[in-house]
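What follows is calculated from the coordinates using simple rules that are stated; it is not laboratory data. Keep in mind that what you see is a predicted model, and the values were worked out from it rather than measured. We place every Cβ from the backbone using ideal geometry, glycine too, and count neighbours over all the protein chains shown.
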Amino acid sequence: MLKNRLLAPVLALSLLVLPGCLAGPDQLGRSWDDWVNERYSENAWLHGAVFQNVLPVYPIAGTLLSFLDLIILNPYYFWSQDAWDNNGTAYEHKPAPQSPRTVDSSF
């Protein structure tokens, strides 16, 4: 009986907090993307083909880190800073490593 009484307030609170969980700088996921990008530029076969496709180590780790962003860091940044002054916290990517080829991100 007590479980049913707690369900409605917990659900209402979850619906209020949920938008903050979806917004944010995605710090862990984007840091992981930068790290994988750097490794890929060093060895395309090992870090591109093997660890991303054959043994899905990188996608699994990236999904886990994105989930941690969703439940920990994004709500922190949104509710502690961004929601109150309406200025979002941006993630600053590391510069790409020196590689013979790069892709320009401007469209």
| task | Could you give me the residue pairs with C-beta distances under 8 Å whose first residue belongs to segment 85-99 and is over 16 Å from residue 74 (Cβ atoms), whose second residue is basic (Lys, Arg) and surrounded by 12 or more Cβ atoms within 10 Å (Cβ to Cβ) wherever it lies, and which are 6+ apart or on separate chains? | result | 93/30
| said: So, in segment 53-75, exactly how many residues are free of Cβ contacts under 8 Å to residues at least 12 places away in the same chain and more than 13 Å from the chain's Cα centre (by Cα)? | reply: 5
| Which one is farthest from residue 95 (Cα to Cα), of the residues in segment 21-58 that are in a loop (DSSP other than H, G, I, E, B) and in contact with a helix residue (DSSP H, G or I) (Cβ under 8 Å, 6 or more places away or on another chain)? | 23
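Among the residues of segment 68-95, which ones are assigned to a loop (DSSP other than H, G, I, E, B) and closer than 25 Å to residue 39 by Cα?
Result: 90, 91, 92, 93, 94, 95.
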